[in-house]
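> Quick one: the structure is below, and I'll ask about it shortly.
The values are calculated or read from the model by the stated rules, or taken from the named source; none is laboratory data. Treat the numbers as computed from the prediction; the structure is a model and nothing was measured. All Cβ positions, glycine included, derive from the backbone under ideal geometry; neighbour counts span all protein chains shown.
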Amino acid sequence: MLLLAGLFGNSKFSRAQDVLLPDTSGERVRIQRLYDLDRQKGLARRVKRALPETFESFRAAGMNPREHILTAAEQQVVADAFAGLPHLYQVVLKDHLHSISFMDDMPNTALTSPLNINDSFRLYNITFRAGILHETVTEWLTWKERTCFNTTDSDLSISVKSGNVGALTYVLMHEATHILDLALGILRTDKPDSRASSAFLGNNFVQGAWISHRQTDPLLNDTLLLKNRFHIGGKVLPAAMAISVYKSLSTSPFVSLYSTSSWNEDLAEYLAVYHLTQIQKQPFQILVYKKGKEIFRYEPMKSKLVKGRAEIVRKFYQ
């Protein structure tokens, strides 16, 4: 199987191929045959019905999930999104992405699920809410950000300006990072004392942000930032607190409020924003308006603390 070989803990690894070792056990081949994964089949063509347990979980939540059959135009959107992923992502997904699915009437935007959690070599499915195929990244990020604040009876509103690229490109980058994280053991939550975890924890990405999977650095614990709904124990806040929350965000290494969910989400969110701004050359600006007039703007990728993590994630592109 593919193994992580000190990607973040050793500066000698400067290229994507340096972190990938060949499968010598035959486990990769056995698992791929067992689950009928054709490595030669293009990533965008691995569209299948969502996992039964995914349907069941959404139905249990009172939803009426339905399989979405892609149109020819939607298939092209999917193909373009996969084509834009970094080379390392293409290599890892070729072995570990079993399938992608699209669903109508699902409560969240995307869900990455393992097919074979008891095997050492794991395959994954990503299920997407089909609606994002027709949304821009600005529309989707704005909707997501607004769920953090209660604007009822308020003259304040929050928006995210991120250009007109398709929302799927951002969401796919985020979810694909989860697969890299899990498949390569970048952040080992199952074995917190493992060498992979130790190597990663010793670098600047988690330093000053996390001391464990869901536990932030003590220096951040009393900040208003961690009261947002995405952080464990957080909640929807009054819109009047939005500027104060984003000012608190600007004093942290997190690129977004969603990054405070866990260190896995932090990594995935950072790479999604990095890809959006540095590779696709789109903006990522958080805006607060009062009666339609801009009164506050924050650009996380211009923050010294946020930019300080960029050198680490650039290794995903080498």
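> Please give the number of the condition S212 fails out of (1) assigned to a loop (DSSP other than H, G, I, E, B); (2) modelled with pLDDT under 95; (3) among the hydroxyl-bearing types (S, T, Y); (4) buried (at least 19 other Cβ atoms within 10 Å of the Cβ).
Failed condition: (4).
> Search the range 228-250 for residues being of a type outside the set (A, V, I, L, M, F, W, C) and closer than 18 Å to I211 by Cα, and hand back the single one that is nearest to the chain's Cα centre (by Cα).
Within the range 228-250, the subset of a type outside the set (A, V, I, L, M, F, W, C) is 228-229, 231, 233-235, 238, 244, 246-248, 250.
Now restrict to residues that are closer than 18 Å to I211 by Cα: 231, 233.
Details: H231: 15, G233: 21 Å.
Once the filter is applied, the top-ranked residue is H231.
> Please work out if L220 is touching a Ser or Thr at 6+ places or on another chain (Cβ under 9 Å), among the aliphatic types (A, V, I, L, M) and at pLDDT below 95.
Taking the combined requirement at face value, the residue satisfies it.
> List every residue pair whose Cβ atoms sit under 7 Å apart, with the two residues 6 or more apart in sequence or on different chains, where the first one lies in the range 119-144 and is within 17 Å of L184 (Cβ to Cβ) and touching a residue at least 12 places away in the same chain (Cβ under 8 Å) and the second, anywhere, is in a helix (DSSP H, G or I) and of a type in the set (V, I, T).
Every condition considered, the pairs that remain are D119/I31; F121/I31; L123/I31; Y124/I179.
> OK, next. Given the conditions (1) at pLDDT below 95; (2) not aromatic (F, W, Y); (3) not in a loop (DSSP other than H, G, I, E, B), report the number of the one that E74 does not fulfil.
Result: E74 fails condition (1) only.
> Quick check: is even one residue across the range 111-122 among the hydroxyl-bearing types (S, T, Y) and part of a loop (DSSP other than H, G, I, E, B)? Let's see the steps before the verdict.
First, pick out the residues of the range 111-122 that are among the hydroxyl-bearing types (S, T, Y): 112-113, 120.
Among the residues that remain, those that are also part of a loop (DSSP other than H, G, I, E, B) are: 120.
Yes, there is a match, as at least one residue in the range 111-122 is among the hydroxyl-bearing types (S, T, Y) and part of a loop (DSSP other than H, G, I, E, B).
> Next question, about the same structure. Among (1) part of a helix (DSSP H, G or I); (2) crowded, with 21+ Cβ neighbours inside 10 Å, which single condition is S101 missing?
Tallying (1) part of a helix (DSSP H, G or I); (2) crowded, with 21+ Cβ neighbours inside 10 Å, S101 fails exactly one: (1).
> Could you check the range 280-300 and list, in sequence order, the residues that are of a type in the set (A, V, I, L, M, F, W, C) and either within 17 Å of L225 (Cα to Cα) or within 16 Å of the chain's Cα centre (by Cα) (or both)? Steps first, please.
Restricting attention to the range 280-300, the residues satisfying the condition of being of a type in the set (A, V, I, L, M, F, W, C) are 284, 286-288, 295-296.
F284, I286, L287, V288, F296, listed by residue number.
> Considering only residues that are touching a strand residue (DSSP E or B) at 6+ places or on another chain (Cβ under 9 Å) and not in a helix (DSSP H, G or I), look in the range 291-303 and name the one that is farthest from Y270 (Cα to Cα). Don't jump to the end; show me each part of the working.
First, pick out the residues of the range 291-303 that are touching a strand residue (DSSP E or B) at 6+ places or on another chain (Cβ under 9 Å): 291-292, 294-300.
Imposing the further condition that a residue be not in a helix (DSSP H, G or I) reduces the set to 291-292, 294-299.
On the way: K291: 31, G292: 29, E294: 25, I295: 26, F296: 22, R297: 19, Y298: 16, E299: 13 Å.
Among residues in the range 291-303 that are touching a strand residue (DSSP E or B) at 6+ places or on another chain (Cβ under 9 Å) and not in a helix (DSSP H, G or I), the one farthest from Y270 (Cα to Cα) is K291.
> Go over the candidates V255, V273, V306, V288 one by one and state the one that is touching a strand residue (DSSP E or B) at 6+ places or on another chain (Cβ under 7 Å) and crowded, with 17+ Cβ neighbours inside 10 Å. If you could, list the steps in order and put the result at the bottom.
Numbers: V255 fails: touching a strand residue (DSSP E or B) at 6+ places or on another chain (Cβ under 7 Å); V273 fails: touching a strand residue (DSSP E or B) at 6+ places or on another chain (Cβ under 7 Å); V306 fails: touching a strand residue (DSSP E or B) at 6+ places or on another chain (Cβ under 7 Å).
Of the residues listed, the single one that is touching a strand residue (DSSP E or B) at 6+ places or on another chain (Cβ under 7 Å) and crowded, with 17+ Cβ neighbours inside 10 Å is V288.
> Among S252, S262, which is the only one that is closer than 15 Å to L187 by Cα and small (G, A, S)?
On the way: S252 fails: closer than 15 Å to L187 by Cα.
One residue alone meets the criteria, S262.
> While we're looking at this one, here's another question. Can you spot a residue in the range 191-209 that is touching a helix residue (DSSP H, G or I) at 6+ places or on another chain (Cβ under 8 Å), modelled with pLDDT of 90 or more and in a loop (DSSP other than H, G, I, E, B)?
Within the range 191-209, one or more residues are touching a helix residue (DSSP H, G or I) at 6+ places or on another chain (Cβ under 8 Å), modelled with pLDDT of 90 or more and in a loop (DSSP other than H, G, I, E, B).
> Another question, if that's okay. Name the residue that is surrounded by the most Cβ atoms within 10 Å (Cβ to Cβ), counting only residues in the range 116-135 that are at pLDDT below 95 and of a type in the set (A, V, I, L, M, F, W, C).
Once the filter is applied, the top-ranked residue is F121.
> On to the next question. Of all the residues that make up the range 224-252, how many are surrounded by fewer than 16 Cβ atoms within 10 Å (Cβ to Cβ) and assigned to a loop (DSSP other than H, G, I, E, B)?
Here the count works out to 5.
> In a helix (DSSP H, G or I) and within 25 Å of A167 (Cα to Cα): does that describe V255? Full working, then the answer.
On the way: in a helix (DSSP H, G or I): no; within 25 Å of A167 (Cα to Cα): yes.
In short, no.
> Follow-up. Checking the condition farther than 14 Å from F149 by Cβ and among the basic types (K, R), which residue from K247, K227 passes?
Values: K227 fails: farther than 14 Å from F149 by Cβ.
None of the other options fit; the residue is K247.
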